[in-house]
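Below is one structure, written out as structure tokens, with a few remarks after it.
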Amino acid sequence: MSKAIEIRTLLASLDEQALEQLCQEVVRLDEENARLRADLARMEENAEGWRDEAMSLHEQLATALGGQPGINQSGALVVVPMERCA
């Protein structure tokens, strides 16, 4: 009978240790998730800033050349001469 109690006690102790390890891993993953989400938000803001800057430069170039900013079928930014815009 004493051996059965020792085994149950041992199993309960192992269960508690496993649960504690799982809880620690959940906390670690939650912190990592929060950090990654913050990184993603910062990177999205940076990307939006770069896009805005590119669009502004494209507009400035078109104005300087007397044309209209455009995009071709390949996705390249181009300046369309005004005579082709009419």
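The values are calculated or read from the model by the stated rules, or taken from the named source; none is laboratory data. A quick note: this is a predicted structure, and the numbers were derived from the prediction, not measured. Neighbour counts are summed over all protein chains in view; Cβ atoms, including those assigned to glycine, are modelled from backbone coordinates with ideal geometry.
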* Structure fact -> For Gly75, the lone unmet condition from (1) modelled with pLDDT under 95; (2) in a helix (DSSP H, G or I) is (2)
* To do: Could you grab me the full set of residues in the range 54-72 that are under 17 Å from Arg84 (Cβ atoms) and surrounded by 12 or more Cβ atoms within 10 Å (Cβ to Cβ)?
  => His58, Leu61, Ala62, Thr63, Leu65, Gly67, Gln68, Pro69, Gly70
